[in-house]
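The block underneath contains the structure these notes are about, expressed in structure tokens.
The values are calculated or read from the model by the stated rules, or taken from the named source; none is laboratory data. Since this is a predicted model, take the numbers as computed values, not measurements. Cβ placement follows ideal geometry from the backbone for every residue including glycine, while neighbour counts extend to all protein chains displayed.
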Amino acid sequence: MAEILAVDEALERALALLQGGDVVAIPTETVYGLAGDATNGIGVARIFEAKGRPRFNPLIAHVADMVMAERIAIFDPLSRKLAQAFWPGPLTLVLPQRPGNGIHPLVAAGLDTIALRMPRGFGGDLIAKLGRPLAAPSANSSGKISATTAQAVAADLGTRIKLVVDGGATPVGLESTIVKAEGGSLRLLRPGGFAAEEIEAAIGVKLLRGGAAGIEAPGMLASHYAPGAGVRLNAGTVGEGEALLAFGDQRAEGWRDAAAFLNLSEAGDLREAASNLFAYMQELDRSGARTIAVETIPFDGLGEAINDRLSRAAAPRDNVQPAP
Ligand code: TXA
Ligand code: MG
């Protein structure tokens, strides 16, 4: 069962867990977050595992200050103005990623944008001490509502995580408002703990609305998920000109002649496989192979989300939902 420690006694223990690639539930001003080091793929995979998410939704990267934020993302003038006015606070900005920012690809589920937020209180202190951004979705298992007390987190996730940091009831009690920079204007992706009107008043422009269907499911968008190469699942053989994405010790027939070869996890560890998935798909795609053949991935644990991602990539292109 997870240990529950009050904020004033939890810092060292939380740091040690995060440095070891583990996850920690932390209070923020909005809701409790399930945090992992955003630069550590195993830590990020553990977040999805603990939540039991059947797919890899992109996560918010939490930062301690503007220097860290600008290292991760490219700010346009309007977004910078919002950050300066309202951070730390219950506002999340979706921005283009700065190449080479060190954020593990699983955080943004392979997207080239990143959701950024600067939380108030314990979360901010922890990130500053760690010196790295924290990826953190709301600390609830998939399908449940967000937790606003440490006790609610422990009741839900307590058998799956080691530490819940207790900061009392979260003051806002609603998730952050999410705004996305879009070609010189800003779109409201998720209404939240921070009124859209207040944002509009601060920048003197109306937020675009609608198209928010993309928010819960950026994972459905063809433009983000389909590699240039075709994708063939449950491959027992490798054809001419095909690359092979392997798992464990299966080895599809003809693998030695594959145009390119990568193994998601030689040990057959699904956590490791999840952390390698996006980078390996991109790398095999860059090899110029006609098709990426993928060995069978089991469906247990993180295997469900890995298979979800792969089957989207393998779906016939004219069947995949267009970007909004
Ligand atoms: O208040 C909050 O925002 C809390 C605390 C812990 O910070 N976090 C939270 O995270 O609500 P989560 O994972 O439950 O919701 C994040 C939302 C998801 O709907 C996800 O699809 C969206 O943000 N999101 C993340 N990155 C995105 C991106 N690059 N583009 C579009 N949407 C994104
Ligand atoms: Mg959530």
Legend entry - Some residue of the stretch 107-122 being among the β-branched types (Val, Ile, Thr) and within 16 Å of ligand 2 (Cβ to nearest atom): yes
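Condition check ((1) basic (Lys, Arg); (2) touching a Lys or Arg at 6+ places or on another chain (Cβ under 8 Å)) across all residues:
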residue	(1), (2)
129	yes, no
143	no, no
151	no, no
164	no, no
168	no, no
176	no, yes
185	no, no
Legend entry - In the stretch 15-36, residue nearest to ligand 2 (Cβ to nearest atom) [restricted to those that are surrounded by fewer than 24 Cβ atoms within 10 Å (Cβ to Cβ) and touching a residue at least 24 places away in the same chain (Cβ under 8 Å)]: 29
Inset, instruction - Quick one: residue 161 ticks every box in (1) away from ligand 1 (no atom under 15 Å from the Cβ); (2) of a type outside the set (Ser, Thr, Tyr); (3) modelled with pLDDT of 95 or more except a single one, so which number is it? - result: (1)
Inset, instruction - For the stretch 96-105, state whether one or more residues are in contact with a Lys or Arg (Cβ under 9 Å, 6 or more places away or on another chain), under 27 Å from residue 206 (Cβ atoms) and within 11 Å of ligand 1 (Cβ to nearest atom). - result: no
Legend entry - In the stretch 250-265, residue surrounded by the most Cβ atoms within 10 Å (Cβ to Cβ) [restricted to those that are within 28 Å of the chain's Cα centre (by Cα) and part of a loop (DSSP other than H, G, I, E, B)]: 264
Inset, instruction - Would you be able to tell me the number of residues in the stretch 75-92 that are more than 13 Å from ligand 1 (Cβ to nearest atom) and part of a loop (DSSP other than H, G, I, E, B)? - result: 2
Inset, instruction - Please find, among 4, 74, 42, the residue that is within 23 Å of residue 308 (Cβ to Cβ), at pLDDT 95 or above and of a type in the set (Val, Ile, Thr). - result: 42
Legend entry - Given (1) free of Cβ contacts under 8 Å to residues at least 40 places away in the same chain; (2) within 15 Å of ligand 2 (Cβ to nearest atom); (3) surrounded by 22 or more Cβ atoms within 10 Å (Cβ to Cβ), number of the condition residue 83 does not satisfy: (2)
Inset, instruction - State yes or no: is residue 141 closer than 23 Å to residue 63 by Cβ and either in contact with a Gly (Cβ under 7 Å, 6 or more places away or on another chain) or at pLDDT below 90 (or both)? - result: no
Inset, instruction - Could you tell me which residue of the stretch 169-189 is nearest to residue 139 (Cα to Cα), considering only residues that are without any contact (Cβ under 8 Å) to a residue 40 or more places away in the chain and buried (at least 17 other Cβ atoms within 10 Å of the Cβ)? - result: 188
Inset, instruction - Could you please let me know if residue 121 is at pLDDT below 95, touching a helix residue (DSSP H, G or I) at 6+ places or on another chain (Cβ under 9 Å) and not acidic (Asp, Glu)? - result: yes
Inset, instruction - Name, by its number, the condition in (1) within 14 Å of ligand 1 (Cβ to nearest atom); (2) more than 25 Å from residue 47 (Cβ to Cβ) that does not hold for residue 185. - result: (1)
Inset, instruction - Inspect the stretch 236-251 for any residue being in contact with a Lys or Arg (Cβ under 8 Å, 6 or more places away or on another chain), in contact (Cβ under 8 Å) with a residue 12 or more places away in the chain and closer than 23 Å to residue 55 by Cα and give the result as yes or no. - result: no
Inset, instruction - Any residue in the stretch 121-148 that's buried (at least 23 other Cβ atoms within 10 Å of the Cβ): show its pairings with residues that are aromatic (Phe, Trp, Tyr) at Cβ separation under 6 Å, as long as the two are six or more apart or on different chains. - result: 139/32; 147/32
Inset, instruction - Please indicate, with yes or no, whether at least one residue in the stretch 63-77 is within 15 Å of ligand 2 (Cβ to nearest atom) and crowded, with 24+ Cβ neighbours inside 10 Å. - result: no
Inset, instruction - Could you tell me whether the stretch 93-111 includes any residue that is farther than 15 Å from residue 60 by Cβ and assigned to a strand (DSSP E or B)? - result: yes
